[in-house]
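Below is one structure, written out as structure tokens; comments come after it.
The values are calculated or read from the model by the stated rules, or taken from the named source; none is laboratory data. Values in this document were obtained by computation on a predicted structure and should not be read as measured data. When we count neighbours, we look across all protein chains shown, and the Cβ atoms used for this are built from the backbone with ideal geometry, even at glycine. In case anyone asks, the SASA skips ligands and DNA or RNA and just uses the protein heavy atoms, side chains included. Shrake-Rupley method; radii C 1.70, N 1.55, O 1.52, S 1.80 Å.
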Amino acid sequence: MKVSANIGGNILQHCTLENFDYQMEPYIGCEHYCYYCYVLNQAETDWTQEVRTYKDIKERLNVELAGIPPQTIYMGWQTDPYQPCEEDWGQTRQILELLLAKGFSASILTKSDLVMRDMDLLLQMPQAAVSVSVAFNDDDIRRLFEYRTIDTAQRISALAKLKSAGVRTAALVCPIVPYITDAVALAEKLQPYTEKIWFYGLSILDGSEKNWQNIKRILEMHFPEVREKVEAAVFSKEDPYWADLKRDLTALQKQRTMNLSIHL
Ligand code: SF4
């Protein structure tokens, strides 16, 4: 994988997520190359060949952080800060070292257990949190949709270790692929290791987008019996699949007193 240190412009970006004013992405492009990734639709490089990052990331971020008060910065909304190249490049670790030194915290979303490498830093931040996203119970199915990620059990095991060490943890069940993702089973598995679980369905507006073309190919090859039903639900939030799933998750939430945030 070629990593080019050539991104210009600001590292800190305004964040539209609730509770965060700023976010940052150490990389542009993501080696995980999940076929459903919506960011693929705007990709500037072929992520199987090249991702981009910032040269002198610590020095540049140091200047930008001087202009804002200490707070929690979100990482991981558009690329994974712990994708495989992070092991060699250490950009995310450099960022965390700087955030810690300046009294900031980080809230991180990842699909990788490489985040555990940085537990020493996260444990020293007052508001640090790690969320892991999962979408498939069955690893043969996961490999069809996201063949470069680690398996779901490894991600849940990382959450368990982080939580028991004292890091705040949460999970995203995302994207829920209708009739393929078992969101209820994933919620039950995740609950012991998370403060909160968010649910987001796979939603696509335009059938010509790259991620839908990828998914369509997988459905045609491996799930021909449900392809039409999946397509109907993916393109309409009014499809009964979503209301049924919401009802099941709400029932589970009541039964088990889980902290679920359902966005279906
Ligand atoms: S890990 Fe996240 S950012 Fe990376 S390809 Fe998968 S969905 Fe996209």
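Which ranges mark the helices (runs of 4 or more DSSP H) fully within segment 108-171 that have 1 or more residues being away from the ligand (no atom under 16 Å from the Cβ) and either buried (at least 22 other Cβ atoms within 10 Å of the Cβ) or touching a residue at least 24 places away in the same chain (Cβ under 8 Å) (or both)?
Numbers: elements: 119-122, 139-145, 152-165.
Hits in segment 108-171: 119-122, 152-165.
Hydrophobic (A, V, I, L, M, F, W, C) and away from the ligand (no atom under 12 Å from the Cβ): is that true of CYS15 in this structure? Spell out how you get there, then give the answer.
Working: hydrophobic (A, V, I, L, M, F, W, C): yes; away from the ligand (no atom under 12 Å from the Cβ): yes.
Answer is yes for this residue.
Across segment 86-107, what is the total count of residues that are within 16 Å of the ligand (Cβ to nearest atom) and out of contact with any Asp or Glu (no Cβ under 6 Å at 6 or more places or on another chain)? I'd like the intermediate steps shown before the answer.
The initial filter retains those residues of segment 86-107 that are within 16 Å of the ligand (Cβ to nearest atom), namely 86-87, 89, 91-92, 107.
Next, from what is left, pick out any that are out of contact with any Asp or Glu (no Cβ under 6 Å at 6 or more places or on another chain): 86-87, 89, 91, 107.
Summing the residues that are within 16 Å of the ligand (Cβ to nearest atom) and out of contact with any Asp or Glu (no Cβ under 6 Å at 6 or more places or on another chain) in segment 86-107 gives 5.
Here are VAL39, VAL51: which of them is surrounded by 14 or more Cβ atoms within 10 Å (Cβ to Cβ), within 11 Å of the ligand (Cβ to nearest atom) and assigned to a helix (DSSP H, G or I)? Quick ask: steps written out before the conclusion?
On the way: VAL51 fails: assigned to a helix (DSSP H, G or I).
Selected residue: VAL39, the only one of VAL39, VAL51 that is surrounded by 14 or more Cβ atoms within 10 Å (Cβ to Cβ), within 11 Å of the ligand (Cβ to nearest atom) and assigned to a helix (DSSP H, G or I).
Out of curiosity, is GLU59 out of contact with any helix residue (DSSP H, G or I) (no Cβ under 8 Å at 6 or more places or on another chain) and not in a loop (DSSP other than H, G, I, E, B)?
Numbers: out of contact with any helix residue (DSSP H, G or I) (no Cβ under 8 Å at 6 or more places or on another chain): yes; not in a loop (DSSP other than H, G, I, E, B): yes.
Criteria met by GLU59.
For segment 188-221, give me the residue count where each residue is farther than 20 Å from ARG155 by Cβ and touching a Leu at 6+ places or on another chain (Cβ under 6 Å). Lay out the reasoning, then the answer.
To start, the set of residues in segment 188-221 that are farther than 20 Å from ARG155 by Cβ comprises 203-221.
Add one more test, that the residue is touching a Leu at 6+ places or on another chain (Cβ under 6 Å), and what stays is 210-211, 218.
Counting residues in segment 188-221 that are farther than 20 Å from ARG155 by Cβ and touching a Leu at 6+ places or on another chain (Cβ under 6 Å) gives 3.
One residue is enough: does segment 57-74 have a residue meeting the conditions more than 22 Å from ASN19 (Cα to Cα) and either within 16 Å of the ligand (Cβ to nearest atom) or buried (at least 19 other Cβ atoms within 10 Å of the Cβ) (or both)?
Yes: segment 57-74 contains one or more residues that are more than 22 Å from ASN19 (Cα to Cα) and either within 16 Å of the ligand (Cβ to nearest atom) or buried (at least 19 other Cβ atoms within 10 Å of the Cβ) (or both).
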Discussion item. Residue pairs, Cβ under 7 Å, 6 or more apart or interchain, first in segment 38-58 and in contact (Cβ under 8 Å) with a residue 60 or more places away in the chain, second within 13 Å of the ligand (Cβ to nearest atom) and open to solvent by 40 Å² or more (accessible area, probe 1.4 Å). List them.
Written reply: LEU40/LYS210; ASN41/LYS210
